[in-house]
Amino acid sequence: MSLKLYLVTCDFLHEGDYASFHERLRTLQARQLLASQWALRSTHSAAQLKEILRGFLDDGDRIVVTEIGGEWASRRALCNLGDC
């Protein structure tokens, strides 16, 4: 099964400790692109990744997991998407 490239974007709407969320992203080898956006490669589907990560978020927070295919561009991202 091939690895797909995904973007994970969150809105943290509640004050809280998101250390376990960030640790889970680290175990998935995610690379931070922006303040609340990460890129990772996985054999999981977008829906599976969303379910894996939502358990570490507050019920009111938002999360979007998007498979990246094709063209992309960035400026001053914390990580080059091509390196993820």
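Quick look at the numbers
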item	result
Given charges at Cβ of Lys, Arg, Asp, Glu: the chain dipole, positive-most of Ile63, His22, Leu78	Leu78
Net charge of neighbours whose Cβ lies under 13 Å from the Cβ of Val8, counting Lys and Arg as +1 and Asp and Glu as -1	+4
Stretchable slack from Glu67 to Ser2, in nm (0.36 nm times residue separation minus alpha-carbon distance)	22.1 nm
Net charge dipole size for the chain [Lys, Arg +1 and Asp, Glu -1 on Cβ; Debye, nearest 20]	380
Cα-only Debye scattering, the range 4-75: base-10 log of I(q)/I(0) at q = 0.12, 0.21, 0.23 Å⁻¹	-0.30, -0.90, -1.08
Inter-label distance for Glu23 and Asn80, nm, one decimal - labels placed 7 Å from Cα along Cα-to-Cβ	3.3
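All of the numbers you see were taken from the coordinates with simple rules; none came from a lab. Because the structure is a prediction, the values reported are computed rather than measured. For neighbour counting, all protein chains shown are included, and Cβ atoms are generated from backbone atoms with ideal geometry for every residue, glycine included.
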